[in-house]
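Asks: Below is one structure. I have some questions about it.
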Amino acid sequence: MIESFFQIGRELKEGIKEEDFVKYLTLDIEKEIKNKKQHVVILDVEAEDNEKFKLNIDFEEISDETSKKYLWVGNPPGANSPQDRFTTNNLEYLVSQTIPNLIKLLPECDLKNKLQNLKEKLYFDLGTKEEIISTEGQYERYRYIWDLTKIRIDLSPAKVKEQIKEETNKGKKAVKIVANKIEEFIKEKTKLKKEEIGLFTISFNNEPLCDNEEYKRYIYKKLIKEIFEKAENGKCHLCGEEKKVTWDTTKFWFKFYMTDKIGFSSNLQGEKAFFKNYSLCEDCYKSILLAEAFIRNNLSSYLSNYSVYILPSLYLQYTLPVKKIEDWAKYFKDKFWAIATIEGWYSFQQKLEEYKGYQLTQDSFILNFLFAEKSQSAFKIYQLIQDVPPSRLDKILETAADVQELGKNSIGENTWYLSLGKIYYLFSIGKTKNKKTKFILSFYNSLFSFIPIDYQVLIKEFVKRIWEIRFSVGAKEYNDIDFSNTILLQNFLLCYLRKLSLLKGGEIMNDNNEEFVNVLEIRDDVKNFLKEAKYSEDMISLFLLGQLIGEVGKKQYDKGDKKKSILNKINFQGMDVNKLIRLFNDVYEKMKQYKVLSAETEKIYGISKELFDKNKINWKLTPQENVFYILSGYSFTTYKAIISGKQKNIEEKEVENE
Ligand SMILES: [Zn+2]
């Protein structure tokens, strides 16, 4: 998968300037620590005249953009490194060594002169090490400190010197005293407490110094050089050339791909030997950094609580077909969104003309889908779906559209599009989030990778989900429309998988059955549904019984029994043939009791019972299937009643009462 990053990075790297590159080197930063929102504080030094300055304090809440906006690339690592970052999490650096160090480190440039000037006006000199009798090995770094009287804060250099007389670490202490004073000043201006500040940055006359192009070039050299300075010669994993290479991945966001050959082990300590095989030269290292940012910005989507990254890689050929990588990214992302949501599907259809050119050459790519969750400390991968030809997504889209049409024709309404998001809700929520995660992600994997799914496993999941809705797990109260809608969608999901040849097992209607359904004395819309859903005789028998349960339920509902007690006759754990025999009797009793016996319902009951008696000796359905197909009939009748206004939707009624 790393090739995907490499190819994207290669496209993007053309002509990018060093000063533009630095934003790819920024680090993530916590937005909240221990329930406290984090902020960046901007210290603006404003020149009032040649001698005096004013310190303006501004602040912003830390967001996803902060790190790039203020170029937070971390502090130089190592206790002895000279601190040289305009944006830092340590205020002491800013009020002392940052500017003096940068003056030393920068090449001749405007910025250097500007800083030199600022140092002369704003800083005071604590004196030589000998003068103040300091024993600190790193004393020089503390020697120049802001003279706060220059910014009208009441702390003179003389006072600072007075306060450190008795101290041993004199320089360090002096810096601390000054930083503390500024901290107080910040608190007074912003009301922010110390633990609410994650970053400090400095600007001069309202210009953020971190925006300075010379500074950015400096940082670029520093960071890339830092890595390759210590690098050894070796063979680059990506381009294959013998060069200075690194296996330092600390700046990478998607660290995982380095490890995709050994699974997603997060414990990579002591794996130096392994990483050596994955070492990168400077050029390829930069490609990866660029690609990561590009993928995060242009190829990330989401689905049922996961972030999804779509990673295209070129297949067989080496150069991008027709369009630029930005355009391809948009195309793939839109296509994924069309599968994931109905809104996405509608908007994708609007663009079909525009996307025509892509359809023909799309299979020059293969797609990988990465389902993950990124938190500050960890990048957790839940599922990686690999090597999906983009045209397969078209097959999925077409099938979803076919099934939507099927639903519209047999039930009415236009709400049967099986988006991935909708499919998520057709399976049991389960006791733990992890369990659900595993099931649904493996379902998505089957779908994208065209791996057949076990029919019986699906039925079990369906019935569990139906039970959850009936007994209001995770919802306030029983919702009839949600209940019947879910079951119908589950039926359509079976059709959908069958059309994609992804259903393993399960009895289906054969051609004889189709003829058989045609001559049944039942309504045409029901016939239509049974044929489309390819019901066997056993299934048809139970479906019709379920329809009658729906009729009784309607009456119960009208009499104020909103939860429809007839549904309590159904044992959601599963019903064997003996229980079905009893159910037939119970339903007939209830039909009499609630006066739903009519020529038509009698006929339906007759057909249902006849089919049951004919097949019960050799009954092929499992107890769970029995429940599912009874409730499918119930849902068909109930859903139709609701949409035709014969039974008011509960929710609707509540709204009216408000
Ligand atoms: Zn390389």
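Asks: Among the numbered conditions (1) within 40 Å of the chain's Cα centre (by Cα); (2) at pLDDT below 95, tell me where SER598 comes up short.
Replies: (1)
Asks: Please determine whether any residue of segment 216-234 is within 16 Å of the ligand (Cβ to nearest atom), under 32 Å from the mean Cα position of the chain (by Cα) and either surrounded by 15 or more Cβ atoms within 10 Å (Cβ to Cβ) or modelled with pLDDT of 90 or more (or both).
Replies: Yes, some residue in segment 216-234 is within 16 Å of the ligand (Cβ to nearest atom), under 32 Å from the mean Cα position of the chain (by Cα) and either surrounded by 15 or more Cβ atoms within 10 Å (Cβ to Cβ) or modelled with pLDDT of 90 or more (or both).
Asks: Also, I was wondering about something else. Please enumerate the residues belonging to segment 514-570 that are assigned to a loop (DSSP other than H, G, I, E, B) and aromatic (Phe, Trp, Tyr).
Replies: Of everything in segment 514-570, just one residue is assigned to a loop (DSSP other than H, G, I, E, B) and aromatic (Phe, Trp, Tyr), namely TYR535.
Asks: Could you list all residues from segment 583-592 that are more than 9 Å from VAL552 (Cα to Cα) and of a type outside the set (Phe, Trp, Tyr)?
Replies: If the condition is that a residue be more than 9 Å from VAL552 (Cα to Cα) and of a type outside the set (Phe, Trp, Tyr), then LEU583, ASN585, ASP586, GLU589, LYS592 are the ones that fit.
Asks: Just checking: which of the strands (runs of 3 or more DSSP E) contained wholly in segment 291-404 hold 3 or more residues that are crowded, with 21+ Cβ neighbours inside 10 Å and hydroxyl-bearing (Ser, Thr, Tyr)?
Replies: Result: empty, no element qualifies.
Asks: List every residue pair whose Cβ atoms lie under 8 Å apart, where the two residues are 6 or more positions apart in sequence or sit on different chains, the first residue falls within segment 229-249 and is closer than 18 Å to LEU289 by Cα, and the second residue, located anywhere, is within 7 Å of the ligand (Cβ to nearest atom) and part of a loop (DSSP other than H, G, I, E, B).
Replies: Between residues of segment 229-249 that are closer than 18 Å to LEU289 by Cα and residues that are within 7 Å of the ligand (Cβ to nearest atom) and part of a loop (DSSP other than H, G, I, E, B), the close pairs are VAL245/CYS236.
Asks: Separate question: Just to be sure before I move on: is GLN376 at pLDDT below 95 and over 30 Å from GLY198 (Cα atoms) in the structure I sent?
Replies: Against the criterion (at pLDDT below 95 and over 30 Å from GLY198 (Cα atoms)), GLN376 does not qualify.
Asks: Give just the number: which of (1) over 38 Å from the mean Cα position of the chain (by Cα); (2) modelled with pLDDT of 95 or more; (3) in a helix (DSSP H, G or I) does LEU489 not satisfy?
Replies: (1)
Asks: Need the failing condition index for VAL40 against (1) part of a loop (DSSP other than H, G, I, E, B); (2) in contact with an Asp or Glu (Cβ under 8 Å, 6 or more places away or on another chain), just the number.
Replies: Here VAL40 meets the rest and fails (1).
Asks: Considering LYS559, LYS579, LYS531, which residue is among the basic types (Lys, Arg) and at pLDDT 95 or above?
Replies: LYS579
Asks: Name the one entry in LYS286, LYS243, LYS261 that is outside any helix (DSSP H, G or I), within 15 Å of the ligand (Cβ to nearest atom) and either modelled with pLDDT of 80 or more or surrounded by fewer than 18 Cβ atoms within 10 Å (Cβ to Cβ) (or both).
Replies: After applying the criteria, what remains is LYS243.
Asks: Kindly list, by first and then second residue, each pair from a residue in segment 10-24 that is outside the structural domain of TYR70 (by TED's automatic domain parsing) to a residue that is modelled with pLDDT of 85 or more and in a loop (DSSP other than H, G, I, E, B), limited to pairs with Cβ atoms under 7 Å and residues at least 6 apart or on different chains.
Replies: Close Cβ pairs (under 7 Å, with a partner that is modelled with pLDDT of 85 or more and in a loop (DSSP other than H, G, I, E, B)) amount to VAL22/LEU71.
Asks: Of the conditions (1) at pLDDT below 90; (2) more than 16 Å from the ligand (Cβ to nearest atom); (3) touching a strand residue (DSSP E or B) at 6+ places or on another chain (Cβ under 7 Å), TRP328 satisfies every one except a single condition; which number is it?
Replies: Every listed condition holds for TRP328 apart from (1).
Asks: OK, next. Within the set of pairs 6+ apart or on separate chains, which have a first residue in segment 311-325 that is on the phi > 0 side of the Ramachandran plot, a second that is at pLDDT 85 or above and surrounded by 15 or more Cβ atoms within 10 Å (Cβ to Cβ), and C-beta atoms under 6 Å apart?
Replies: Filtered contacts from segment 311-325: VAL322/THR361.
Asks: Taking segment 457-486 as the region of interest, how many residues are part of a helix (DSSP H, G or I), touching a helix residue (DSSP H, G or I) at 6+ places or on another chain (Cβ under 8 Å) and farther than 19 Å from LYS564 by Cα?
Replies: 5
Let's see how each residue does on (1) polar (S, T, N, Q); (2) touching a Cys at 6+ places or on another chain (Cβ under 6 Å); (3) surrounded by fewer than 18 Cβ atoms within 10 Å (Cβ to Cβ):
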site: SER449; (1), (2), (3): yes, no, yes
site: PRO452; (1), (2), (3): no, no, yes
site: GLU477; (1), (2), (3): no, no, yes
site: ASN491; (1), (2), (3): yes, no, no
site: ASP525; (1), (2), (3): no, no, yes
site: SER536; (1), (2), (3): yes, no, no
site: ASP561; (1), (2), (3): no, no, yes
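Asks: Let me ask something else. For segment 586-609, indicate whether the set of residues that are surrounded by fewer than 21 Cβ atoms within 10 Å (Cβ to Cβ), out of contact with any helix residue (DSSP H, G or I) (no Cβ under 7 Å at 6 or more places or on another chain), touching a residue at least 60 places away in the same chain (Cβ under 8 Å) and not aromatic (Phe, Trp, Tyr) is non-empty.
Replies: For segment 586-609, residues surrounded by fewer than 21 Cβ atoms within 10 Å (Cβ to Cβ), out of contact with any helix residue (DSSP H, G or I) (no Cβ under 7 Å at 6 or more places or on another chain), touching a residue at least 60 places away in the same chain (Cβ under 8 Å) and not aromatic (Phe, Trp, Tyr): present.
Asks: Report every pair of residues separated by at least 6 positions or lying on different chains whose Cβ atoms are under 6 Å apart, first residue within segment 153-167 and in the same structural domain as ILE182 (by TED's automatic domain parsing), second among the acidic types (Asp, Glu).
Replies: Listed by first residue and then by second, the contacts come to PRO157/ASP147.
Asks: Filter segment 168-194 down to the residues that are free of Cβ contacts under 8 Å to residues at least 60 places away in the same chain, closer than 28 Å to ILE33 by Cα and in a helix (DSSP H, G or I) and list them by number.
Replies: Within segment 168-194, LYS172, LYS173, ILE177, ASN180, LYS181, GLU184, LYS187, GLU188, LYS194 qualify.
Asks: Tell me, which residue of segment 110-161 that is part of a strand (DSSP E or B) and under 49 Å from the mean Cα position of the chain (by Cα) is surrounded by the fewest Cβ atoms within 10 Å (Cβ to Cβ)?
Replies: TYR123
Asks: Considering only residues that are under 43 Å from the mean Cα position of the chain (by Cα) and polar (S, T, N, Q), which ones fall in segment 521-542?
Replies: If the condition is that a residue be under 43 Å from the mean Cα position of the chain (by Cα) and polar (S, T, N, Q), then ASN528, SER536 are the ones that fit.
Asks: Still on this structure: Looking at PRO107, is it assigned to a loop (DSSP other than H, G, I, E, B), more than 41 Å from the chain's Cα centre (by Cα) and either within 26 Å of LYS176 (Cβ to Cβ) or not hydroxyl-bearing (Ser, Thr, Tyr) (or both)?
Replies: yes
Asks: Quick check, is LYS172 more than 16 Å from the ligand (Cβ to nearest atom), among the basic types (Lys, Arg) and modelled with pLDDT of 90 or more?
Replies: When the stated conditions are applied, LYS172 passes them.
Asks: Kindly evaluate GLY550 against the criterion of being surrounded by 17 or more Cβ atoms within 10 Å (Cβ to Cβ), farther than 23 Å from VAL457 by Cα and either modelled with pLDDT of 95 or more or outside the structural domain of ASP524 (by TED's automatic domain parsing) (or both).
Replies: Judged against the criteria, GLY550 is a match.
The values are calculated or read from the model by the stated rules, or taken from the named source; none is laboratory data. As the structure is a computational prediction, the values presented were derived from the model and not from experiment. Backbone-built Cβ (ideal geometry, glycine too); neighbour counts: all protein chains shown.
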